[in-house]
Ligand SMILES: [Zn+2]
Ligand SMILES: [Zn+2]
């Protein structure tokens, strides 16, 4: 795996309170997402590193583009998203969520990779009130109504309806 996001933190580890800013733009292939939802658009990263007594905090954001389709009407969607990043790196990770500092280096790549994947919406919608397709005839309801009876009939109630009249009062 390419390591375009390795940051040397020797100075930060030496002096708590020291900060460092990292700005980078990385090709999507370098992340090896293996996820078709991530668009082939370079990911830009802007983070602020700060040396703490128990490690190095990394805070900032990454921008990535995802694509998919509306879960109701299947319209193709593509959107740029800003992913907030706020993580801790430790030489001997004691925090279960912390990333490891290896040989005085912080590798931002796996951290950005995980955060981008988590940020992609699971069931995207083209718009909040997308009506989707008619469950009966399959018409695209965003292009107009189809004329089907949209009243939902519970089969248990219709069975009772049928019994009516056959039973004596
Ligand atoms: Zn839709
Ligand atoms: Zn219909």
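What follows draws every value from the coordinates through simple rules; no lab data is involved. Predicted, not measured: the structure shown is a model, and the values here were computed from it.
Here are a few things to note about the model shown:
- Each Cα pair of segment 34-133 feeds into the Kirkwood radius, which the Stokes-Einstein equation turns, at 20 °C and 1.002 mPa s, into a diffusion coefficient of 140 µm²/s.
- Fraction of the pair-distance distribution of the chain above 30 Å, Cα-Cα pairs, percent: 44 percent
- When DSSP beta bridges are restricted to pairs lying wholly in the chain, around 95% turn out antiparallel.
- Computed helical MRE - 222 nm, the chain, DSSP H runs ≥ 4 contributing -39500 (n - 2.57), nearest 500: -4500 deg cm²/dmol
- Average Cα contact separation per residue, the chain, under 8 Å, 6 or more apart, as relative contact order %: 18 percent
- Extension gain, residue 75-residue 59: 0.36 nm per intervening residue step, less the Cα-Cα distance, totals 2.3 nm.
- Rounded, prolate or oblate (a/c below 1.5 giving rounded, otherwise prolate when a/b exceeds b/c) for segment 1-61 by Cα gyration tensor: prolate
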